[in-house]
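Undergrad: Questions regarding the structure given below will be posed in turn.
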Amino acid sequence: QVQLVESGGGLVQPGGSLRLSCAASGSIFSSYTMGWYRQAPGKQRELVADVTSGGSTNYADSGKGRFTISRDNAKNTVYLQMNSLKPEDTAVYYCKAQGAFLIYWGQGTQVTVSS
């Protein structure tokens, strides 16, 4: 069983930055592909970015050039640095851990971009 706890969300003005963190329990964190997803009201959950166990990253077009995903296997934590935030980035952001057979989700953290 893997538990994921997100933090770092909040209210930020357009153009601002936030860094989300997702702390994972369990000793096999390093073997999981870790991802950040988001879900805005009335919309489907969508991929923001993910990072494989080997460190390869993948970004949705919406975040390319603005968002950076990284992982620290020693701390069992994955991060999402979000810069130049826009109102359309407003959503609940979820952390996902994907192993060979199982998928785990965090409870989500709210990000609101508004002036």
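Undergrad: How many of the residues making up the range 25-54 are open to solvent by less than 40 Å² (accessible area, probe 1.4 Å), closer than 16 Å to residue 72 by Cβ and modelled with pLDDT of 95 or more?
TA: 6
Undergrad: Still on this structure, I have one more. Would you confirm whether or not the range 60-68 contains a residue that is free of Cβ contacts under 8 Å to residues at least 40 places away in the same chain and closer than 27 Å to residue 1 by Cβ?
TA: Kept after step one, since they are free of Cβ contacts under 8 Å to residues at least 40 places away in the same chain, are these residues of the range 60-68: 60-68.
Now restrict to residues that are closer than 27 Å to residue 1 by Cβ: none.
No, the range 60-68 has no match at all.
Undergrad: Scan the range 1-57 for residues that are of a type in the set (Asp, Glu) and either in contact with a helix residue (DSSP H, G or I) (Cβ under 9 Å, 6 or more places away or on another chain) or free of Cβ contacts under 8 Å to residues at least 60 places away in the same chain (or both) and jot them down. Spell out how you get there, then give the answer.
TA: Filtering the range 1-57 for residues of a type in the set (Asp, Glu) gives 6, 46, 50.
If the condition is that a residue be of a type in the set (Asp, Glu) and either in contact with a helix residue (DSSP H, G or I) (Cβ under 9 Å, 6 or more places away or on another chain) or free of Cβ contacts under 8 Å to residues at least 60 places away in the same chain (or both), then 46, 50 are the ones that fit.
Undergrad: Just one of (1) closer than 14 Å to residue 111 by Cα; (2) open to solvent by less than 60 Å² (accessible area, probe 1.4 Å) trips up residue 11, so point out which.
TA: It fails just one condition, (2).
Undergrad: If a residue must be open to solvent by 80 Å² or more (accessible area, probe 1.4 Å) and either farther than 21 Å from residue 16 by Cβ or in contact with an Asp or Glu (Cβ under 6 Å, 6 or more places away or on another chain) (or both), how many such residues does the range 99-115 contain? Before you say what the answer is, go through the steps one by one.
TA: As a first pass, look at the range 99-115 and keep what is open to solvent by 80 Å² or more (accessible area, probe 1.4 Å): 100-103, 105, 107, 110, 115.
Restricting the remaining residues to those that are either farther than 21 Å from residue 16 by Cβ or in contact with an Asp or Glu (Cβ under 6 Å, 6 or more places away or on another chain) (or both) gives 100-103, 105, 107.
Of the residues in that region, 6 qualify.
Undergrad: Condition first: surrounded by fewer than 18 Cβ atoms within 10 Å (Cβ to Cβ) and either touching a Leu at 6+ places or on another chain (Cβ under 8 Å) or under 20 Å from residue 52 (Cα atoms) (or both). Now tell me which residues in the range 78-97 satisfy that.
TA: Answer for the range 78-97, where residues must be surrounded by fewer than 18 Cβ atoms within 10 Å (Cβ to Cβ) and either touching a Leu at 6+ places or on another chain (Cβ under 8 Å) or under 20 Å from residue 52 (Cα atoms) (or both): just 81.
The values are calculated or read from the model by the stated rules, or taken from the named source; none is laboratory data. Just so we're clear, the structure is a prediction, and the values are computed from it rather than from any experiment. Ideal geometry is used to build each Cβ from the backbone, glycine not excepted, and the neighbour counts take in all protein chains shown. The area values use the complete protein model at the heavy-atom level, side chains included, leaving out ligands, DNA and RNA. Shrake-Rupley method; radii C 1.70, N 1.55, O 1.52, S 1.80 Å.
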